[in-house]
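Note sheet for the following structure.
The values are calculated or read from the model by the stated rules, or taken from the named source; none is laboratory data. Given the structure is predicted, the values throughout are model-derived calculations rather than measurements. For neighbour counting, all protein chains shown are included, and Cβ atoms are generated from backbone atoms with ideal geometry for every residue, glycine included. Heads up: the accessible areas ignore ligands, DNA and RNA and are worked out on the full protein's heavy atoms, side chains in. Shrake-Rupley method; radii C 1.70, N 1.55, O 1.52, S 1.80 Å.
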Amino acid sequence: MLKFAEGKQICADDVVLKSNFLITQGLDNHDLYWLPNRECIAENMQRIVAFKNFALCGKISGTVHLFHKRKWLKFKNVQNFGLVAESLKVFYLLKNGKYYLYRSDGSPLLQAIYPDGFDKVCYNKKDDRLLLLCNNKVHFYD
(Lines give C-alpha, C1' and ligand atoms only; values in the text may rest on other atoms or scores of the structure.)
Protein backbone atom coordinates (compact mmCIF):
# COMPACT_ATOMS: atom_id res chain seq x y z
CA MET A 1 0.00 0.00 0.00
CA LEU A 2 1.09 3.53 -0.79
CA LYS A 3 -0.11 6.44 1.36
CA PHE A 4 -0.53 9.92 -0.04
CA ALA A 5 -0.96 13.40 1.41
CA GLU A 6 -4.74 13.31 1.10
CA GLY A 7 -4.83 10.16 3.23
CA LYS A 8 -5.57 8.00 0.21
CA GLN A 9 -4.24 4.49 0.13
CA ILE A 10 -3.55 2.80 -3.18
CA CYS A 11 -3.23 -0.92 -3.81
CA ALA A 12 -0.40 -1.93 -6.12
CA ASP A 13 -2.72 -4.05 -8.30
CA ASP A 14 -4.24 -1.11 -10.13
CA VAL A 15 -1.29 1.23 -10.68
CA VAL A 16 1.19 2.09 -13.42
CA LEU A 17 4.48 3.82 -12.60
CA LYS A 18 6.18 6.05 -15.13
CA SER A 19 9.10 8.14 -13.91
CA ASN A 20 7.65 10.62 -11.38
CA PHE A 21 4.04 9.68 -12.13
CA LEU A 22 1.73 7.06 -10.70
CA ILE A 23 -1.54 6.26 -12.48
CA THR A 24 -4.39 4.42 -10.82
CA GLN A 25 -6.56 2.54 -13.26
CA GLY A 26 -10.19 1.86 -12.57
CA LEU A 27 -13.11 1.15 -14.85
CA ASP A 28 -13.16 4.29 -17.04
CA ASN A 29 -11.85 6.29 -14.10
CA HIS A 30 -8.15 7.09 -13.76
CA ASP A 31 -6.22 9.32 -11.35
CA LEU A 32 -2.76 10.81 -11.78
CA TYR A 33 -0.34 11.28 -8.90
CA TRP A 34 2.86 13.35 -8.81
CA LEU A 35 5.24 11.22 -6.76
CA PRO A 36 7.74 13.88 -5.61
CA ASN A 37 4.95 15.59 -3.65
CA ARG A 38 2.78 12.50 -3.10
CA GLU A 39 -0.23 14.38 -4.36
CA CYS A 40 -3.10 13.61 -6.70
CA ILE A 41 -2.95 16.10 -9.57
CA ALA A 42 -5.78 14.78 -11.80
CA GLU A 43 -8.86 12.77 -10.89
CA ASN A 44 -11.69 11.01 -12.68
CA MET A 45 -10.06 10.99 -16.12
CA GLN A 46 -11.08 8.55 -18.81
CA ARG A 47 -7.52 8.24 -20.10
CA ILE A 48 -4.07 9.16 -18.81
CA VAL A 49 -0.83 8.75 -20.73
CA ALA A 50 2.34 9.53 -18.79
CA PHE A 51 5.81 9.90 -20.18
CA LYS A 52 9.15 10.58 -18.57
CA ASN A 53 8.65 14.31 -17.94
CA PHE A 54 5.05 15.06 -18.91
CA ALA A 55 1.57 13.59 -18.84
CA LEU A 56 -1.62 13.91 -20.88
CA CYS A 57 -5.03 13.46 -19.25
CA GLY A 58 -8.31 13.36 -21.11
CA LYS A 59 -12.03 13.12 -20.63
CA ILE A 60 -14.66 12.03 -23.07
CA SER A 61 -15.62 15.70 -23.42
CA GLY A 62 -12.73 16.21 -25.84
CA THR A 63 -10.61 18.27 -23.49
CA VAL A 64 -7.02 17.14 -22.91
CA HIS A 65 -4.81 18.51 -20.16
CA LEU A 66 -1.01 18.53 -20.38
CA PHE A 67 1.06 18.47 -17.18
CA HIS A 68 4.63 19.65 -17.73
CA LYS A 69 7.02 21.18 -15.18
CA ARG A 70 4.22 21.46 -12.61
CA LYS A 71 2.06 23.55 -14.96
CA TRP A 72 -1.12 22.68 -16.83
CA LEU A 73 -2.16 23.46 -20.41
CA LYS A 74 -5.58 22.70 -21.87
CA PHE A 75 -6.43 21.61 -25.41
CA LYS A 76 -10.05 21.50 -26.59
CA ASN A 77 -11.92 19.56 -29.28
CA VAL A 78 -9.52 16.60 -29.19
CA GLN A 79 -10.63 13.22 -30.56
CA ASN A 80 -7.53 11.28 -29.46
CA PHE A 81 -4.03 11.83 -28.10
CA GLY A 82 -0.81 9.95 -27.48
CA LEU A 83 2.93 9.74 -27.70
CA VAL A 84 4.68 9.92 -31.05
CA ALA A 85 8.29 9.67 -29.87
CA GLU A 86 9.47 9.94 -26.29
CA SER A 87 13.07 10.48 -27.39
CA LEU A 88 11.93 13.53 -29.37
CA LYS A 89 9.48 14.55 -26.59
CA VAL A 90 6.68 14.78 -29.14
CA PHE A 91 3.01 13.93 -28.71
CA TYR A 92 0.02 14.16 -31.03
CA LEU A 93 -3.51 15.46 -30.76
CA LEU A 94 -6.11 14.21 -33.24
CA LYS A 95 -8.54 16.99 -34.15
CA ASN A 96 -11.12 16.83 -36.94
CA GLY A 97 -9.43 13.73 -38.35
CA LYS A 98 -5.99 15.35 -38.60
CA TYR A 99 -2.89 14.84 -36.45
CA TYR A 100 -1.19 17.84 -34.89
CA LEU A 101 2.22 17.55 -33.25
CA TYR A 102 3.36 19.20 -30.03
CA ARG A 103 6.51 19.29 -27.94
CA SER A 104 6.36 18.14 -24.32
CA ASP A 105 5.91 21.75 -23.17
CA GLY A 106 2.77 22.11 -25.30
CA SER A 107 4.29 24.24 -28.03
CA PRO A 108 3.23 23.33 -31.58
CA LEU A 109 5.66 21.44 -33.78
CA LEU A 110 5.67 22.10 -37.55
CA GLN A 111 2.27 23.86 -37.49
CA ALA A 112 3.73 26.98 -39.12
CA ILE A 113 4.70 24.83 -42.12
CA TYR A 114 1.70 22.42 -41.98
CA PRO A 115 -1.17 24.40 -40.44
CA ASP A 116 -3.79 21.83 -41.53
CA GLY A 117 -2.10 18.95 -39.73
CA PHE A 118 -1.18 15.50 -41.04
CA ASP A 119 -3.11 12.51 -42.34
CA LYS A 120 -0.69 10.02 -40.75
CA VAL A 121 2.25 10.26 -38.37
CA CYS A 122 4.82 7.49 -37.96
CA TYR A 123 8.05 7.27 -36.01
CA ASN A 124 11.14 5.30 -37.04
CA LYS A 125 12.96 4.57 -33.79
CA LYS A 126 16.06 3.25 -35.57
CA ASP A 127 16.66 6.56 -37.37
CA ASP A 128 14.94 8.71 -34.69
CA ARG A 129 12.91 10.26 -37.49
CA LEU A 130 9.27 11.12 -38.07
CA LEU A 131 7.47 10.19 -41.27
CA LEU A 132 4.56 12.53 -41.93
CA LEU A 133 1.87 12.07 -44.58
CA CYS A 134 0.12 15.24 -45.70
CA ASN A 135 -2.06 15.49 -48.83
CA ASN A 136 -0.58 12.25 -50.21
CA LYS A 137 2.97 13.57 -49.86
CA VAL A 138 5.53 12.09 -47.48
CA HIS A 139 7.66 14.42 -45.37
CA PHE A 140 10.44 13.55 -42.94
CA TYR A 141 11.42 15.29 -39.73
CA ASP A 142 14.62 14.61 -37.75
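Tabulated data for the structure shown
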read-out: Dipole of the stretch 73-135 [Lys/Arg +1, Asp/Glu -1 at C-beta], most positive-end residue of V78, L131, F118; value: V78
read-out: Accessible surface of the chain [probe 1.4 Å, protein heavy atoms]: carbon and sulfur percent; value: 48 percent
read-out: Debye intensity ratio I(q)/I(0), log10, the chain, q values 0.13, 0.19 Å⁻¹ (C-alpha model); value: -0.60, -1.10
read-out: Per residue accessible area of the chain, 1.4 Å probe, in Å²; value: 60 Å²
read-out: Local net charge near K89, Cβ-Cβ under 9 Å (Lys/Arg +1, Asp/Glu -1); value: 0
read-out: Cut-off under 5 Å, modelled amide H: who pairs with N80 long-range; value: L94
read-out: Selected from V64, I48, N29, residue furthest toward positive end of dipole (the chain; charges at beta carbon); value: V64
read-out: Set of the stretch 56-99 residues, backbone N closer than 19 Å to the point 7 Å along the Cα-Cβ line of D116; value: 93-99
read-out: Among L83, L101, L17, residue whose mean-square fluctuation peaks in a GNM of the chain (springs only between Cα atoms under 10 Å); value: L17
read-out: Net dipole in debye of the stretch 73-116 [+1 Lys, Arg Cβ; -1 Asp, Glu Cβ; about Cα centre; nearest 20]; value: 140 debye
read-out: Cβ charges +1 (Lys, Arg) and -1 (Asp, Glu), total dipole of the chain, debye; value: 320 debye
read-out: Cα point-scatterer Debye curve for the stretch 73-123, base-10 log of I(q)/I(0) at q = 0.17, 0.26, 0.29, 0.30 Å⁻¹; value: -0.45, -1.10, -1.34, -1.41
read-out: Local net charge near D28, Cβ-Cβ under 14 Å (Lys/Arg +1, Asp/Glu -1); value: -1
read-out: Rounded to whole Å, sorted largest first: equivalent-ellipsoid semi-axes of the stretch 21-92, Cα gyration tensor; value: 17, 16, 11
read-out: Cβ-Cβ FRET estimate between V15 and K74, R0 fixed at 22 Å, reported to 0.05; value: 0.30
read-out: 13 Å beta-carbon shell around L133, net charge (K/R +1, D/E -1); value: +1
read-out: Which listed pairs, of K71/K137; K98/K137; K59/K98, have C-alpha distances above 26 Å, in listed order; value: K71/K137
read-out: The chain: most fluctuating residue of I41, I113, I60 per GNM, C-alpha cutoff 10 Å; value: I113
